[in-house]
Structure formats: structure tokens, C-alpha cells
Amino acid sequence: MKRRSFFLGTAIVLALSLLLAACGGEKDGSGKVKFISLATGGTGGTYYPLGGTFAKLIQDETGIDANAITSGASAENMASLKKKKVEVAFTQSDIASYATKGELMFKDNKVDNVQAIGTLYPETIQIVTSKKSGIKSVEDLKGKVVSVGEAGSGTLANAEQILEVYGLKTDDLKARNLSFDDSAQGIQDGTIDAAFITSGAPTGAVEGLSATTPVNIIALDDDKMDDLIKKYPYYAKDVVKSGTYGLEEDVPTVAVRAMLVVRSDLSKDMVYKMTKAIFDHTDKITNKKEYIKAENALQGLGIELHPGAKKYFDEKGIKQ
């Protein structure tokens, strides 16, 4: 009986250890986190390659093993943080706001265990089509086969809001819920006419498309952008610059901000070290290097800053 009790007790301890590891990063014997997962996005976007760089910086500078993993991006990442499946994640500033306030796709699934490390760069809303499609305006999308982003994604929310200020709904389109890679492939092979893509420009999937197919990015009208920003203040005016994807001139559009967020239950010291590892070594970042700076990281946060990140920015004299 004692022997059976011993094994039962051992099994319970082991199960609890595994549960704790899953809920807060894998820990060593001293209780310190020794492994974290960083949720990014699809391989055709900007989050994935940038996440690989961040994971390496964190690992090199802190000694914590860090792994960048693919995901469905912003909305899925917030849900994964809520469920404690990952420790750190990329998201759009608008999606972070929805999640922590319990709005839109998070109306029945509010996320209350996430705080910010900092914002990174503009997430440009790009309405991509081929030049041969003849689509030149948002109104021209009516009745067309259009990828509006994966179900529950930040891109889908952006698409719905932009269509709204033009008096349209996704029901007015032949809407498809595709990834960036599948959207680019669909435009290339002619199975879709256009796609909404929210990602830092240039975006890998669109660059790949432009290598074989002349592309067009649909411009947004200035008054419509004003209406959008008035109703949804987390947007800002942006431009897809000429030369990007072979474009002959700048294309006016809007953007939200990409940001890095973390579970609020991670220690102040750990998040401080991760924040320092990234923002003290921006010279080692190649993707979006011109935007990712400590002095810009508190712009457009929209959610509470983690105390560990706050300690870092306070030391730098950077305030919200």
C-alpha cells in the first residue's frame, strides 16, 4: 500500500510539474523560466522572420531558450496568450485593444492577462491586386472574389472597417478567408481578384507575387481615411512607397502598429531582460530596422505596459 501511495504521489508531482511548465514557460530546478515560445504569424508575413531575430536576441542576451513559432497571427496570438500556450507574441495594436477591452471578436473572450513590451513598426493595410484585373478603387471590389483575411484575424477586422467607410460589407464581395501566401497565390493563378493584407511593407508574400505578376495596390481616398481614423483612432495615414513591388508612385493608405506583447504573469526581471535584449540591439535587426527603436516603442500602445518593460524605458528616460 505504501509503495502504491509513493508512486501515486510521484505521478501527481510529475503531472503538476508538467502543468506548471506549460503555464509559464519551461522552468529549471530553481523555478526560473528557461524556455519561452514567441508566437509570430504565417511564413509569408513580417512577424515570422522578425520573430526569429527576436528569439535569437533574447536567447543570446538572456540565456533563456526562445523559439519563434508560426501562427494565425494577431487574434490567434492573443487567444494563445490567454490560454497560456505561449509567453510572448506579436499582435496588431487594434487587436490588442479589442482583446483587453473584450470588444469585437473578443466580445465573449476578453483577454486579461496580457501587457505590452512595446510597439514596433507600422502595419500597413495593403489592398493588393494584379494590374490586369482592372481594379482601381475600393468600390471596384464589389462583386469580386476578394481575400479579406483569415477568420478572426486582424486583417479581417481592417477589411470590414475600410469597406464600412466606403458603404460596403464583406457580403458585397465574394469573400474568401485566406492566408497571405494563399492570397498571393490566388492572385497569381487568377482564382481571386484581390486581397487585403495587413503587414509591414514590403511583405514577403506580395514581393514574391510581384516577381512574376505586375501588381497594383489600391489607394484609399483622403476623406475616407479621415472618416476611418475619426471612428477608429488606432489607425494612422501611411504610404506604400514607390518602388515597392515595382510601384511607379506612392500609394496612400492607412496603418495600425505592430507590437510585442507578453503574459502579465511573467516576472518583472525576465521581461526587463527581454525588452533590453531587443531594444539595446536593434543594430542586429534587418527587417523593419528603420522603425524599431526604443524611442518609438511607447507610441500607440493602447494597452498597459508590463512593469519589466516600463523599468527598461524608465531607465532610458522614455515616457508615454
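The values are calculated or read from the model by the stated rules, or taken from the named source; none is laboratory data. Since this is a predicted model, take the numbers as computed values, not measurements. A quick note on method: Cβ atoms are made from the backbone with ideal geometry, for glycine too, and the neighbour counts reach across all protein chains shown. Surface areas here come from the heavy atoms of the whole protein model, side chains and all, with no ligands, DNA or RNA. Shrake-Rupley method; radii C 1.70, N 1.55, O 1.52, S 1.80 Å.
Points worth noting:
- For the chain, the solvent-accessible area works out to 47 Å² per residue, with a probe of 1.4 Å and every protein chain left in place.
- The chain shape via C-alpha gyration tensor axes, a/c threshold 1.5: prolate
- Bridge type composition, the chain - antiparallel percent by DSSP, nearest 5: 70
- Among the trypsin sites (Lys or Arg not before Pro) found in region 224-301, those both in a DSSP coil and sparsely packed, with 16 or fewer other Cβ atoms within 10 Å of their Cβ, are 241, 289, 293.
- Accessible surface of the chain, 1.4 Å probe, proportion on carbon and sulfur as whole %: 50
- Surface/4 estimate of mean projected area, convex hull on alpha-carbon atoms of region 123-256, nm²: 6.8
- When the trypsin sites (Lys or Arg not before Pro) in region 37-130 are filtered for DSSP coil states and for at most 10 other beta-carbon atoms within 10 Å of their beta-carbon, the remaining sites are 107.
- Share antiparallel - DSSP beta bridges, region 123-256, percent rounded to 5: 75
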